[in-house]
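Enquirer: Before I ask anything, let me first share the structure, which is written out below as structure tokens.
The values are calculated or read from the model by the stated rules, or taken from the named source; none is laboratory data. This one's a predicted model, so the numbers in the text were calculated from it and none came from an experiment. Glycine also receives a Cβ, built like all others from the backbone with ideal geometry; neighbour counts cover every protein chain displayed.
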Amino acid sequence: MLVSILRQGSYLIASIHEALNDREIVQFQQDLVEQIGTHRARGVIIDVAALDVMDSFGSRTLLNLAHAARLRGAETVIVGIQPTVAFAMVRLGMSLDNVHTALDLEEGLESLQRLLQDGRQPPSER
């Protein structure tokens, strides 16, 4: 299994277990966005800890996935970016723009909870 998508309450946790080719990452993107609607998910965590490389297509697809998830009503946090991957992304000028990231799954869950709580408060109370 290259990717697993698990439901945890109102969240989906997607773990990428090994490097995906372009076709597989596009299929993952489509499956995850579809499952957001199926499960009425309010948050998504994408765990990329198993990846030791990420090309520009992969990082752009994750960025697009996070934006599509937001359009479907779910916030996204990407967790587990390896140090070597982070350095390579910076050197190559790749970024995840306005996508939230966290060190690991535990921090990702905390971050997602904060994002969803902040989103429920009226702007005057933030």
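Enquirer: In segment 87-98, what count of residues is obtained for those that are farther than 11 Å from Ser59 by Cα and within 15 Å of the chain's Cα centre (by Cα)?
Expert: Of the residues in segment 87-98, 1 are farther than 11 Å from Ser59 by Cα and within 15 Å of the chain's Cα centre (by Cα).
Enquirer: Looking at segment 93-101, is at least one residue among the acidic types (Asp, Glu), modelled with pLDDT under 95 and in a loop (DSSP other than H, G, I, E, B)?
Expert: At the first step, the residues of segment 93-101 found to be among the acidic types (Asp, Glu) are 97.
Next, from what is left, pick out any that are modelled with pLDDT under 95: 97.
Add one more test, that the residue is in a loop (DSSP other than H, G, I, E, B), and what stays is 97.
Looking through segment 93-101, at least one residue is among the acidic types (Asp, Glu), modelled with pLDDT under 95 and in a loop (DSSP other than H, G, I, E, B).
Enquirer: Scan segment 1-55 for residues that are assigned to a strand (DSSP E or B) and either in contact with a Gly (Cβ under 8 Å, 6 or more places away or on another chain) or without any contact (Cβ under 8 Å) to a residue 24 or more places away in the chain (or both) and report the count.
Expert: First pass over segment 1-55, keeping only residues assigned to a strand (DSSP E or B): 3-8, 11-16, 43-47.
Next cut, either in contact with a Gly (Cβ under 8 Å, 6 or more places away or on another chain) or without any contact (Cβ under 8 Å) to a residue 24 or more places away in the chain (or both) only: 4, 6, 8, 11-12, 45, 47.
Looking only at that region, the number is 7.
Enquirer: How many residues are out of contact with any His (no Cβ under 9 Å at 6 or more places or on another chain) and not in a loop (DSSP other than H, G, I, E, B) if we restrict to segment 64-92?
Expert: So in segment 64-92, the residues out of contact with any His (no Cβ under 9 Å at 6 or more places or on another chain) come out as 64-65, 67-74, 79-92.
Right, trim to not in a loop (DSSP other than H, G, I, E, B) and you get 64-65, 67-71, 79, 83-91.
Residues flagged as out of contact with any His (no Cβ under 9 Å at 6 or more places or on another chain) and not in a loop (DSSP other than H, G, I, E, B) within segment 64-92 amount to 17.
Enquirer: Shifting gears a bit: Name the pairs: first residue in segment 69-81 and in contact (Cβ under 8 Å) with a residue 60 or more places away in the chain, second residue part of a strand (DSSP E or B) and buried (at least 21 other Cβ atoms within 10 Å of the Cβ), Cβ to Cβ under 9 Å, at least 6 apart or on different chains?
Expert: Ala74/Tyr11; Ala74/Leu12; Ala74/Gly43; Ala74/Val44
Enquirer: Right, here's the next one. Which one of Ala14, Ala69, Ala49, Ala19 is modelled with pLDDT under 95, closer than 20 Å to Leu105 by Cα and surrounded by 15 or more Cβ atoms within 10 Å (Cβ to Cβ)?
Expert: The conditions single out Ala19.
Enquirer: Criterion first (in contact with a helix residue (DSSP H, G or I) (Cβ under 6 Å, 6 or more places away or on another chain), crowded, with 17+ Cβ neighbours inside 10 Å and over 19 Å from Gln8 (Cα atoms)) does Thr76 satisfy it?
Expert: Working: in contact with a helix residue (DSSP H, G or I) (Cβ under 6 Å, 6 or more places away or on another chain): yes; crowded, with 17+ Cβ neighbours inside 10 Å: yes; over 19 Å from Gln8 (Cα atoms): no.
Against the criterion (in contact with a helix residue (DSSP H, G or I) (Cβ under 6 Å, 6 or more places away or on another chain), crowded, with 17+ Cβ neighbours inside 10 Å and over 19 Å from Gln8 (Cα atoms)), Thr76 does not qualify.
Enquirer: Okay, next question. So is Thr61 farther than 19 Å from Arg7 by Cα, among the hydroxyl-bearing types (Ser, Thr, Tyr), in contact with an Asp or Glu (Cβ under 7 Å, 6 or more places away or on another chain) and part of a helix (DSSP H, G or I) or not?
Expert: Numbers: farther than 19 Å from Arg7 by Cα: yes; among the hydroxyl-bearing types (Ser, Thr, Tyr): yes; in contact with an Asp or Glu (Cβ under 7 Å, 6 or more places away or on another chain): no; part of a helix (DSSP H, G or I): yes.
The answer is no for Thr61.
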